[in-house]
Amino acid sequence: MLSISLCKTRPRFLHLQMGSVWLAMCCFGLSHIPSAQAGPTDYPLDALSKDEIVATVDILKAQGKITESTRFPLIELHEPPKDEVVGFQTGRPMRREAFVLAYERGSNRTFEAVVDLKAKTLLSWKEISGVQPSLLEDDAKILEQAIRGDVRWQEAMRKRGITDLEGVVIIDWAGGYFGFHDEEGIRFERGVSYYRGSSKSATLRPIEGVVAYVNLNTGRVFKFVDTGVVPIPKMGAGLGAISVNKSRNAPKPLEIVQRQGPDFEILGSEVRWQNWRFRFALQAREGVVLHAVGYEDRGRLRSVLYRGSLSEMVVPYGDPSPGWFFKNAFDEGENSIGGYTDSLEPLTDAPNNATFFDAVLADDKGLPFEIPRAVALYERDGGLLWKHYDDKLKRNQSRRARQLVLAWIATVGNYEYGFNWVFHQDGTLEMEVILSGFVETKALPSTENPTKHYADLYSHPLAGNLAGVHHQHFFNFRLDMDVDGAANSIVEQNVEPLPSSATNPYGNAFTMNENLLRNEQEAQRLINLPSSRTWKIVNPSEANASGQSVGYTLVPGENALPFARPDAWIRKRAGFVNAHVWVTPNDPAQMYAAGFYVNQSKGGDGLPAWTQASRSIENRDIVLWYTMGITHIPRPEDWPVMPVHRAGFKLVPSGFFDQNPTIDVPR
Ligand SMILES: [Cu+2]
């Protein structure tokens, strides 16, 4: 959820620290852990290498475009046009370009650049006015310094009995947009305070009702809010809150043994497994991006998905109080969630049989940094694949399923978000989102209630007067489907009961209606339980053996509608939450569901804006955008640390094959 970090050091430094810890641990016998260092880039969509990041910044320097004070909210691959990628043949020359966002804090100016890494030239450099690029490490430092120096804040802490001001931790929250005039035209954030005391390992106990608004261009607090003293809870969020219960015996080992090695092959950046082929890259903004996903069907490689990514995330909190109304973390657009990718811990974050991949990203100063074990790839037991027992013949036919998981986890402040692309042998591609970590805590005022139970309308108690505030997590996935080629259409499937009639005398009849969605406006859809609604991406030019268009069905899992009012600013800024399904013609300029510039955005960009034109989405290269919402009313069991919550969706072959494609799986 959060942009908020309990220890908001930008992750890159955490990784360096963790890297050294792991290096040390490797000396103690963990060196067998396989970690695949990405080789030289051999595919047009491979992420920028260390050398390419260095070269990008060097070219900008040589052109006199940047200075020591320039910061880089984003440096990543500038993807080549799709036709170039689709037509690419291994070993042939390929385009390599970098996209750069540069920010000049002193003049509050933002620039976009594209660098040609082959020709070592600057292809474009342009100023983008009226925007704020995503948050930088310096922002949190400037905010903290400004707040600590503010006498109103110092006084507010003393009023709460806090004398050791260095024992207070200040957390920055993206400013967002609420129509306030004094927040226009500046880069700003809001800071909230937690009490930790002298021990670095102690928890962060919320200091309720104190908010400082900081102008990040001038380094000044321009608004200060103190709504009154609320007792500081005895406990707060952080690892110190986790006291390990020794009463449970460790379960006996459960290990996957693959004496002959994993069943997948890695060829350059391509993974091949059980008829599947795909590539992936860790990008700073989106995290792991899936590329060129295809399934080999009786010797023929058939395309399924050209590009699959997390396009945006937002976590709106449901508390209107001055300390909370602004908490709406866009963890991708405001924070570049890929940059918060964890170094996965072998045996716990991923199972014993995992293969790990290191990744390289650029920091705010344009320097490359490595994330060891950023991505894990492993096979897991998939339960039963199929079965039938013939009672007459007394004979059983069944097969065991296996799944391939491509996993990464980001820690954004107090929350962990894991994203598993799960490949099934039957052609199903599943996204499994994992939520864990700490809920965002609030201190409740004492109550006259003799039962000493604390409560307000917007939260639920965790422990004592420490509460977890109601919130929702919305994820949007951008799925550039290429079902047997780029020219696809989308149909909505609704199952409907038939009226009682002479032909339906028993009232049991129901049918399934398919409705072609012809344009972007028609394709803004909600999930619908009464009609078991699904959506099928079809290729109208390719038919299966039964004569149906080949297709893949989007099968939703857990989902929600937003509870913020339709006219709330957050609904305008995160307009993608207003429908679960959106479909657009593929446009490489339209990658992020809430638009490119999300930090302090006013709304009016992203899916709602693009789809105004209501372009045709029939029999052409289309993108399916799926919004998934999770409503989180915190429970005592979410404390101290949340047990993993899973939610997701599936892309299931539907007439893509002529029959069950796993019939050939050996016993
Ligand atoms: Cu939550």
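The values are calculated or read from the model by the stated rules, or taken from the named source; none is laboratory data. A quick note: this is a predicted structure, and the numbers were derived from the prediction, not measured. All Cβ positions, even for glycine, are placed from backbone atoms using ideal geometry, and neighbour counts span all protein chains on display. Surface areas here come from the heavy atoms of the whole protein model, side chains and all, with no ligands, DNA or RNA. Shrake-Rupley method; radii C 1.70, N 1.55, O 1.52, S 1.80 Å.
Worth a mention:
- Inter-label distance, nm, simple model (7 Å from Cα along the C-beta direction), Asp83/Ser500: 6.0
- Rounded to 0.05, the FRET efficiency of the Arg646 and Arg152 pair, given R0 = 51 Å and the Cβ-Cβ distance, is 0.70.
- Karplus 3J(HN,Hα) series, Hz, for the stretch 89-105 with 6.51 cos²θ - 1.76 cosθ + 1.60 (x for Gly, Pro): 10, 3, x, 7, x, 9, 6, 9, 10, 10, 9, 10, 10, 10, 10, 10, 5
- For the stretch 491-562, the square roots of the Cα gyration tensor eigenvalues, ordered a ≥ b ≥ c, give a/c of at least 1.5 with a/b no greater than b/c, which places it in the oblate category.
- Contact order relative to length of the chain, as percent, for alpha carbon pairs under 8 angstrom and 6 or more apart: 14
- Accessible-area ranking of Trp569, Trp582, largest first, probe 1.4 Å: Trp569, Trp582
- For Tyr43 and Glu370, the FRET efficiency from 1/(1 + (r/R0)^6), where r spans their Cβ atoms and R0 equals 22 Å, is about 0.65.
- Extension gain for Ser398 to Glu255 (0.36 nm times residue separation, less C-alpha to C-alpha distance): 49.2 nm.
- Under a 5 Å amide H cut-off, with hydrogens placed 1.01 Å from N, Gly648 pairs with Val433, Gly557, Glu558 among residues at least 5 apart or on other chains.
- Average accessible area per residue (Å²) across the chain - probe 1.4 Å, nucleic acids and ligands excluded: 44
- Of the solvent-accessible surface of the stretch 552-625, computed with a 1.4 Å probe over protein heavy atoms with every protein chain present, carbon and sulfur atoms account for 53 percent.
- Angle in degrees between helix 11-25 and the longest Cα principal axis of the chain, rounded to the nearest 10: 80
- Note on Asp587 and Leu516: their simple-model spin labels are 2.3 nm apart, each label 7 Å out from Cα toward Cβ.
- Using θ = phi - 60° in the Karplus curve 6.51 cos²θ - 1.76 cosθ + 1.60, the 3J(HN,Hα) couplings for the stretch 422-437 round to 10, 9, 9, 5, 7, x, 6, 10, 10, 10, 10, 9, 10, 10, 8, x Hz; x is entered for Gly and Pro.
- Subset of Lys82/Lys120; Lys200/Lys246; Lys141/Lys442; Lys159/Lys246; Lys118/Lys602 violating a 29 Å alpha-carbon distance limit: Lys159/Lys246; Lys118/Lys602
- Tensor-based shape of the stretch 453-540 (alpha-carbon gyration tensor, a/c under 1.5 rounded, otherwise prolate or oblate): oblate
- Distance from the C-alpha centroid of the stretch 130-199 to that of the stretch 594-667: 34 Å, rounded to the whole angstrom.
- The stretch 182-287 has equivalent-ellipsoid semi-axes of 46, 30, 10 Å, by the square roots of 5 times the alpha carbon gyration tensor eigenvalues, sorted largest first.
- Cα centroid of the stretch 227-259 to Cα centroid of the stretch 395-430, whole Å: 25
- Low-density loop cleavage sites - trypsin sites (Lys or Arg not before Pro) in the stretch 253-345, where at most 15 other Cβ are within 10 Å (DSSP): Arg259, Arg298
- The chain, Rg to Rh (Cα coordinates; Rh as Kirkwood inverse mean 1/r): 0.97
- Sequence-distant aspartates and glutamates (8 or more away, or on other chains) whose Cα lies within less than 14 Å of Lys650: Asp426, Glu430, Glu432, Glu558
- Those residues of the stretch 67-81 whose amide nitrogen sits under 18 Å from the label point placed on Ser107, 7 Å along Cα→Cβ: 67-73
- Long-range amide H partners of Trp386 with built H, under 5 Å: Arg399
- Ordering of 646-654, 506-514 by packing [mean C-beta count within 10 Å, highest first]: 646-654, 506-514
- Cα centroid separation - the stretch 281-359 against the stretch 531-556, whole Å: 26
- The stretch 117-250: C-alpha gyration tensor shape, a/c 1.5 cut-off, then a/b vs b/c: oblate
- Ranked order, Glu104, Glu542 - accessible area, probe 1.4 Å, largest first: Glu542, Glu104
- Pairwise FRET efficiency - Lys602 versus Leu267, Cβ, R0 = 60 Å, nearest 0.05: 0.85
- Packing here is the average count of other Cβ atoms within 10 Å per residue, and on that basis the peptides 399-405, 334-340, highest first, run 334-340, 399-405.
- Along the stretch 601-607 the Karplus relation, 6.51 cos²θ - 1.76 cosθ + 1.60 evaluated at θ = phi - 60°, assigns HN-Hα couplings of 5, 9, x, x, 10, x, 3 Hz to successive residues, with x for each Gly and Pro.
- Candidate cross-link partners of Lys61 among the aspartates and glutamates, defined by an alpha-carbon separation under 19 Å and a same-chain spacing of 8 or more, comprise Asp51, Glu52, Glu76, Glu97, Glu104, Glu112, Asp116, Glu127, Asp363, Asp364.
- The label-point distance for Ala545 and Gln659, in a model that sets each label 7 Å from Cα toward Cβ, rounds to 0.5 nm.
- Contour minus Cα-Cα distance for Glu296 and Glu558 (0.36 nm per residue): 91.3 nm
- 5 angstrom amide H check on Asp297, placed H, neighbours 5+ away: Arg302
- Multiplying the residue separation of Lys126 and Thr428 by 0.36 nm and removing their Cα-Cα distance gives an extension gain of 104.5 nm.
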